[in-house]
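Please read the structure below before turning to the comments.
The values are calculated or read from the model by the stated rules, or taken from the named source; none is laboratory data. Note that the coordinates shown come from a computational prediction; the quantities given were computed from them, not determined experimentally. Quick reminder, even Gly has a Cβ in these numbers, built from the backbone with ideal geometry, and neighbours come from all protein chains shown.
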């Protein structure tokens, strides 16, 4: 019955789909089965999805926090562990040998089984993040390791059946609801197909030379093992030839958008991803989905991402009366940015963007790395706040990941940073929430030396550090906020964009106050700029101080 309903719904959309004749034939022949697309104004085409409008809740929120937590955090050895442990000679491979044994005997499936999340308290963490100033919260639903962190109808390898034996997304979603925060999920599993080709390898030297890793084992190999009855190929998805130059560990980046010699994913793999993601949407009703993909997942070899987007948007229209959901994607062209929110990974735009956007970043590595804590190498609260101010001045939001340990907790250094951000936000968030970008985003030497974006972002920290000469602007109604990114040694701030002959603000300035400090600062407006004398007592830990100008 479900299959017939799905085909009926999709057949009704065919005239608007603008698909190739072969794809239309697949629809009509029943190649697509399982979940159906919710009815509504959005069809799974780029043209139709351009009806998307970024909802006000997202534009007003400005700051979200993210738990990028899954079984790869169990080893506490950093990002992309499930891929790196199969790269002979790499640091993660050597770590895996020492901690777990050889990946022919103890593969990532066994790491998942070892992961219990015994100290996970989603209510406590989400409450902490809300107190810090987050206005929305996101949790990882699956990563490139292909393990679903929710009650997955279409995927046996999920957190209720294996590992923690808990509904991770269900727990996060409940905590976010109790905190009154919009809830998002991040979905990364579209890339498992090529990302995990390292698991098909074997050692080239040493005592295990020539012995294959566990990437191609099958259900039949599980007799007498803890995973008896499970099919590892449902997890690893490696029953296919290697892509071109697969032994080059960097090739995955060149093949991220399903080109440059990557082996194309099978229809079964694509439809499994589609069904799993729609099932996720239907069960947990997220307000937001973050896709770790160029545009939509599996584009351009499949329309699966387009179908998922149409489904989410239509469900939102049905629930709210208008489209209130958000999807983010990376490396978008001008047309694609009209269909979703552009996400920049670990980087910032260097100008005001005409459409709302988001940067996602992290205080450490995406997956927890114990060495970052041991060596006290986390990004400072100061760096996070300055990035937030810069992003918001350019019409963006900031999504911040706090890496979660394998046991489900955060460490003491992370907690201190989160609390520091919270202290700043308590005093200065008036210049962040519900604001809009001004006529110029700012001024100062940092922007004059800003690094360009690279691929999906990655220009973070490559420019000149912020100083007391760097200023960023936001506005709310008739009020202008000028955030000074450092404390000038002279005790005076000079803002060139607000000189008496400026084209940006001709109206008289009647009053300037410092959030968290003096309510009535001395100032002078000259041809060179607006000169403001700061008080001797410095608020909010000496950085990113906000002038409120009316």
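Some points to look at:
- Condition met for residue 130 (surrounded by fewer than 23 Cβ atoms within 10 Å (Cβ to Cβ), within 24 Å of residue 63 (Cβ to Cβ) and in contact with a helix residue (DSSP H, G or I) (Cβ under 6 Å, 6 or more places away or on another chain)): yes
- Conditions (1) touching a strand residue (DSSP E or B) at 6+ places or on another chain (Cβ under 8 Å); (2) not in a strand (DSSP E or B); number of the one not met by residue 483: (2)
- Meets criteria (in contact with a strand residue (DSSP E or B) (Cβ under 7 Å, 6 or more places away or on another chain), buried (at least 24 other Cβ atoms within 10 Å of the Cβ) and at pLDDT 95 or above) for residue 184: yes
- Residue match in segment 496-509 (condition: under 26 Å from residue 63 (Cα atoms), modelled with pLDDT under 95, touching a helix residue (DSSP H, G or I) at 6+ places or on another chain (Cβ under 8 Å) and surrounded by 15 or more Cβ atoms within 10 Å (Cβ to Cβ)): no
- Qualifying residue in segment 304-316 (condition: touching a residue at least 12 places away in the same chain (Cβ under 8 Å) and either more than 19 Å from residue 37 (Cβ to Cβ) or not assigned by TED's automatic domain parsing to the domain that holds residue 140 (or both)): no
- Count of segment 258-291 residues, restricted to those that are within 19 Å of the chain's Cα centre (by Cα) and surrounded by fewer than 17 Cβ atoms within 10 Å (Cβ to Cβ), is 1.
- Cβ-Cβ under 9 Å pairs, at least 6 apart or on other chains, segment 178-202 side at positive phi, far side surrounded by fewer than 24 Cβ atoms within 10 Å (Cβ to Cβ) and assigned to a helix (DSSP H, G or I): 180/130
- For residue 378: the one exception among (1) out of contact with any strand residue (DSSP E or B) (no Cβ under 7 Å at 6 or more places or on another chain); (2) more than 20 Å from residue 128 (Cα to Cα): (2)
- Any hit, segment 358-367, residues being surrounded by fewer than 20 Cβ atoms within 10 Å (Cβ to Cβ) and out of contact with any helix residue (DSSP H, G or I) (no Cβ under 9 Å at 6 or more places or on another chain): no
- Qualifying residue in segment 144-152 (condition: at positive phi, buried (at least 23 other Cβ atoms within 10 Å of the Cβ) and at pLDDT 95 or above): yes
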